[in-house]
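**Q** Okay, handing you the structure first.
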Amino acid sequence: MASVVLSEAEKVYVMHGVQEDLRVDGRGCEDYRCTEVETDVVSNTSGSARVKLGHTDILVGVKAEMGAPKLDRPNEGYLEFFVDCSANATPEFEGRGGEELGTEIANTLYRIFNNESSIDLKLLCIAPREHCWVLYVDVLLLECGGNLFDAISVAVKAALFNTRIPKVRVLEDEGGREIELSDDPFDCIRLNVDNVPCIVTLSKIGYRHVVDATLQEEACSLASLLISVTSRGVLTCMKKVGRGSLDPESIFEMMETGKRVGKLLHTSLQSALDKEESLGPTRKKVGFLG
């Protein structure tokens, strides 16, 4: 993961600010940086989104393709995640430098979507045991400015909200089954993302914890807690990262903060997505190169 080197004096300055609920950029401990969300930015995908959280820039594309259902879930489709850490984000990702981080992020996404309540996977089934829709979710890190997991989870939810899957009909004939795709681009299936969780990362700095840590604040934190929260404030999974330790009291405090902040994050995101969609074709597209 991208990192910066701070002197001891700089770390003390950051930590003292956090204790006073005044961070270096003027935010409080529970405040997110300014976030930009734009959907439908990649033309050759079923759904896409770009999220810019401070200096962290994420692009997500969703591609729907037909495949065979998994043996243990014959009546459902499924999601596949791939994370590409671009060398443009930070020199540390050159060569195979970002491979380990990409795998860690992908595994985290698999984990938070590995429950029936996130997305109705039965909606992706075309013919049980034979055909289903497979959603390939590709995540590209364009710029790394701290708090990657939160930004990626927001971008994935926005891209799934934007995803449109063509409706199909299964026709029975003497030779077997035939699948007919609708020619109408507006005749499509939309995913219900109300229960799709977002990740809230809480970084322990000194005796307090902050959300949406910058690279400088991440350098001052020895341990962080990743909490997956739904729009109703339900905690679905939790993961501790970093080499430091967290005492039980801190963990419970961080969980409560994560639930509270997560609900606000979902509300703001859904409001932005609904507002953008209400503009229809009249909205001005910026694109991920803008």
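The values are calculated or read from the model by the stated rules, or taken from the named source; none is laboratory data. Because the structure is a prediction, the values reported are computed rather than measured. Counting neighbours? That spans all protein chains shown, and the Cβs are built from the backbone with ideal geometry, glycine included. We work out accessible area using only protein heavy atoms, side chains counted, and drop any ligands, DNA or RNA first. Shrake-Rupley method; radii C 1.70, N 1.55, O 1.52, S 1.80 Å.
**Q** Can you pull out every residue in the range 155-166 that is open to solvent by 10 Å² or more (accessible area, probe 1.4 Å) and in contact with a strand residue (DSSP E or B) (Cβ under 6 Å, 6 or more places away or on another chain)?
**A** 162, 164, 166
**Q** Looking at (1) over 21 Å from residue 148 (Cα atoms); (2) at pLDDT 90 or above; (3) of a type in the set (Lys, Arg), can you tell me which one residue 285 breaks?
**A** Residue 285 satisfies every listed condition except (2).
**Q** Further question: Give the range 197-218 a look and list any residue that's surrounded by fewer than 22 Cβ atoms within 10 Å (Cβ to Cβ) and aliphatic (A, V, I, L, M), or say none.
**A** 215
**Q** How many residues does the range 84-109 contain that are within 18 Å of residue 137 (Cβ to Cβ) and either in contact with a strand residue (DSSP E or B) (Cβ under 7 Å, 6 or more places away or on another chain) or buried (at least 18 other Cβ atoms within 10 Å of the Cβ) (or both)?
**A** 10
**Q** Can you list residue pairs whose Cβ atoms sit under 7 Å apart, with the first residue in the range 233-253 being closer than 20 Å to residue 149 by Cβ and the second being open to solvent by 50 Å² or more (accessible area, probe 1.4 Å) and outside any strand (DSSP E or B)? Count only pairs 6 or more apart in sequence or on different chains.
**A** If the second residue must be open to solvent by 50 Å² or more (accessible area, probe 1.4 Å) and outside any strand (DSSP E or B), the pairs left are 233/259; 233/263; 235/259; 237/111; 242/222; 243/222; 244/222.
**Q** Out of the range 62-102, which residues are polar (S, T, N, Q) and in contact with a Pro (Cβ under 6 Å, 6 or more places away or on another chain)?
**A** 75
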